[in-house]
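Inspection log for the structure reproduced underneath, given as structure tokens.
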Amino acid sequence: MGLTIGVIGLGRIGGFHADTLAALPTVDHLVVTDADPAAIDATTARLSTARAAADADALLSAGIDAVVIASATPTHAELIEKAVAAGVPTLCEKPIALSIGDSAEVVRRVADTGVPVRIGYNRRFDPAMAAARAAVAGGDLGFITTVRSTTLDPAPPPPGYIAASGGIFRDCAVHDFDTVRWLLDDEVVEVYAAGGNQGDPYFAEVGDVDSASILLTFASGTVGVVSVTRYNGRGYDCRLEVHGSTDSVVAGWDDGTPVRNLQPGNDFPGGTPHAFFMDRFADAYRAEMTAFCDTVTGAGSAASGPNATGAGIAASGPALCTAHDALEVAVIAEAASRSAATHQPIRTDEVRAQYISTPRQQGSPT
Ligand SMILES: NC(=O)c1ccc[n+]([C@@H]2O[C@H](COP(=O)([O-])OP(=O)(O)OC[C@H]3O[C@@H](n4cnc5c(N)ncnc54)[C@H](O)[C@@H]3O)[C@@H](O)[C@H]2O)c1
């Protein structure tokens, strides 16, 4: 008997996750819902194994084994808490909540429930990024001097999405923050961020920026640079570079990397540029959904226990992002947002001290 998985939110990523889940051999049925009835109809028409639920409450009491929450960010906190109260293992899209305060509160409430809560930082399942992490962990690169993580979106989401997103640091750069922290198994201690607007005015109207760079100082002394934009006309450019005292590796360099190489006599990369995150990370999303199903059935190993502190970055191999890890990502995003607003470097321990009260949330890696 396979799993029945609920999917709440059937927009860009939720519809994609529903398709991915429906194609997994471990999944028999889907129960789907969205605030927009047309999105439900489109999904049930497309997927013969999907049936509709009127709303999240109906879905959570429809006999599902687990739920994937992929609705708009402002709904995440409430839906995670509802799912956990119903005893349903949960994978929620990033971020946990719009604000660091709400994120900390959600993590505090789910911490001791025994119901697994995982957050959708899918890059952990990208084969090259996982290999980069293994190279760092194996000492192949010596000590790590520099990590660069890049997320350049080809075109911005619509104004309604941006207004509800929490801003570029909480919505977009969080992927990079999770990746570099997980990759290095190291905590960010200081953040300096700068951003700007040259695109549509709707970013500035909601206090957001369309492009930013963030300098991260890690406890080890490694320095990280994260670059993000909503306007990268050549394509979806998501890359990672890790430089160490004895070697350097990259992830995300393939024929579809959207850059024109002007080096004479060198025509790499020569393929069709990646168009969007769906095509660039299709395999990673499939691996992420498979890992979540394995967590539900008990087949998963790494970081599969209830909301373990520290288990995510310490576990070997790709591991779903725990609620604790996602809260650390939220701390970095909060520090970046404050830094960009004040033009000052922000210490992450100042943010933690303000919002994260319990030792469990502060996450000694036990
Ligand atoms: N991991 C990733 O790579 C990735 C990529 C894109 C988006 N996301 C995250 O996924 C979430 C959705 O993003 P998107 O791009 O699909 O947005 P979207 O606007 O395309 O879709 C959001 C959907 O949620 C629905 N919705 C809103 N409130 C709801 C509610 N209370 N109950 C049920 N449905 C509701 C909307 O009707 C819409 O269909 C965001 O939190 C975003 O941060 C993650």
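The values are calculated or read from the model by the stated rules, or taken from the named source; none is laboratory data. Only a predicted model underlies this, so the values are computations on that prediction, with no experimental measurement involved. Don't worry about glycine lacking a Cβ; one is built from the backbone with ideal geometry, like all the others, and counts go over all protein chains shown. Note: areas computed on protein heavy atoms with side chains; ligands, DNA, RNA excluded. Shrake-Rupley method; radii C 1.70, N 1.55, O 1.52, S 1.80 Å.
Descriptive notes on the structure:
- For Ala204, the shell of other residues with beta-carbons less than 13 Å away shows a net charge of -3, using +1 for Lys and Arg and -1 for Asp and Glu.
- Shape of region 103-165, Cα gyration tensor, a/c cut at 1.5: oblate
- Largest to smallest in accessible area, the residues Glu78, Glu334, Glu190 fall in the order Glu78, Glu190, Glu334 (1.4 Å probe, all protein chains included).
- Summing charges over neighbours of Pro74, with a neighbour being any other residue whose Cβ is under 14 Å away from its Cβ, gives -3 when K and R count +1 and D and E count -1.
- Modelled FRET efficiency - R0 35 Å, Asp28 with Arg234, Cβ distances, 0.05 increments: 0.25
- Prolate/oblate/rounded call for region 74-227, Cα gyration tensor, a/c under 1.5 rounded: oblate
- Taking a point 7 Å from the Cα of Asp36 along the Cα-to-Cβ direction, the residues of region 48-88 with backbone N closer than 16 Å to it are 70-75.
- The alpha carbon centroids of region 263-277 and region 191-239 are separated by 23 Å.
- Three-way shape label, region 194-242, alpha-carbon gyration tensor, a/c 1.5: oblate
- Extension reserve of the Leu262-Ala299 stretch, reckoned as 0.36 nm per residue once the Cα distance is removed: 8.5 nm
- Amide proton proximity set for Val88, modelled H, under 5 Å, gap of 5+: none
- Whole-Hz ³J(HN,Hα) from phi, Karplus 6.51 cos²θ - 1.76 cosθ + 1.60, for region 127-139, glycine and proline x: x, 6, 5, 5, 5, 5, 5, 5, 5, 5, 5, x, x
- Note on Thr113 and Asp200: with the Förster distance fixed at 35 Å, the Cβ-Cβ geometry gives a FRET efficiency of about 0.25.
- Between region 154-178 and region 35-85, the Cα center-to-center distance that results, in Å: 22 Å
- Spin-label pair Val223/Thr272, simplified geometry with 7 Å Cα→Cβ offset, distance in nm: 4.0 nm
- Beta bridges per DSSP with both ends in the chain, % antiparallel, nearest 5: 55 percent
- Residues in region 196-219 reached by a label modelled at Thr342 [backbone nitrogen below 15 Å; 7 Å Cα→Cβ]: none
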